[in-house]
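Below is one structure, written out as structure tokens; the observations come after it.
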Amino acid sequence: MPLKKLWNSLRGVTSQPKVTSEATPAVTSPDADAPPQPVVRSKSAKKLAAKASAAVAQPVAAPTVPVTAPAPAPTAKAKPAATSRGVLSMLSRGEHDGLVKMLTKQQPASVLEIGVGDGSRTPAVVHALAEANPALKYAVIDQFEMVGGTLKLRDFHGQLAGLAIRPSIIPESAARGVVTVLHRLGMMDAVILDPSLDAETLLGLEAVLSKVSYADTMILRQTNGKWQATASNSPTLRATRRAA
């Protein structure tokens, strides 16, 4: 027995049990007996604002409407590109037969053509003369598109494709080109004047043609649609005739 208890029993004092104070029950409202409601956590204002802005940012998909492709517009048929007329087409048409016959009869060893027109005459004459004379000298003088001509130099080169010889092309004025031909190729046996040459150009040629012509050089020009040949008025004779 503990000493304190023994001492109390001798003194006649009974030990009192310790009284513990009970917690006072909390006073609740009359609705305290109602079942507790679940606590709902409210979303923060920032999250609500972010969700609202995201909803606004998303585009609303429009209802899908079947789209019918428009009928193709009728397209005009493209015209084939104009091609340069070749030597064979010139010969088959026979548009230069009269001039070709005159030249093949004389068989000149050198020809000067002043003004090429539409470019079809050159290949026809060269083709006819080069068969009998592969050493034929042939020169043409024309300014082509430089003076507003309808025939371009590039297109003229295309028309000469396939010829046995390549003519010398002098892209200068008529009178100046004659002097260039004299320095490069020398004298000419035949000179062809294009019908399109104006009176001023022909007048300027009279003073210089004698420089590239012999006394018997043929000057070929067209009158009333027909080619005619006249003898040059140059006093220069061929070396072979002088020796004879």
Provide the per-residue ³J(HN,Hα) series for region 195-211, in order, calculated from phi with Karplus coefficients 6.51, -1.76, 1.60 and θ = phi - 60°, each as a whole number of Hz, with x at glycine and proline positions. x, 7, 5, 7, 5, 5, 5, 5, 5, x, 6, 4, 7, 10, 4, 5, 6
Describe numerically, in nm with one decimal, the distance between label points set 7 Å from Cα along Cα→Cβ at residue 226 and at residue 179. 3.8
By how many nm would the segment from residue 233 to residue 146 grow when fully extended, if each residue of separation counts as 0.36 nm and the alpha-carbon distance is taken off? 28.2 nm
So how far apart, in nm, are the two label points at residue 211 and residue 196 if each is 7 Å from Cα heading toward Cβ? 2.5
Give me a comma-separated list of calculated 3J(HN,Hα) values for region 152-169, in order, Karplus coefficients 6.51, -1.76, 1.60 applied at θ = phi - 60°, integers in Hz, x for any Gly or Pro. 8, 4, 4, 5, 5, 4, x, 6, 8, 5, x, 6, 5, 10, 10, x, 7, 9
With every protein chain kept in the model, how would you rank 97, 194, 142 by accessible area, 1.4 Å probe, largest at the top? 97, 142, 194
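The values are calculated or read from the model by the stated rules, or taken from the named source; none is laboratory data. This structure is a prediction, so every number in the text was calculated from the model and none was measured. Virtual Cβ from ideal backbone geometry, glycine too; neighbours counted across all protein chains shown. Note: accessible area is taken over every heavy atom of the protein model, side chains too, but ligands, DNA and RNA are not part of it. Shrake-Rupley method; radii C 1.70, N 1.55, O 1.52, S 1.80 Å.
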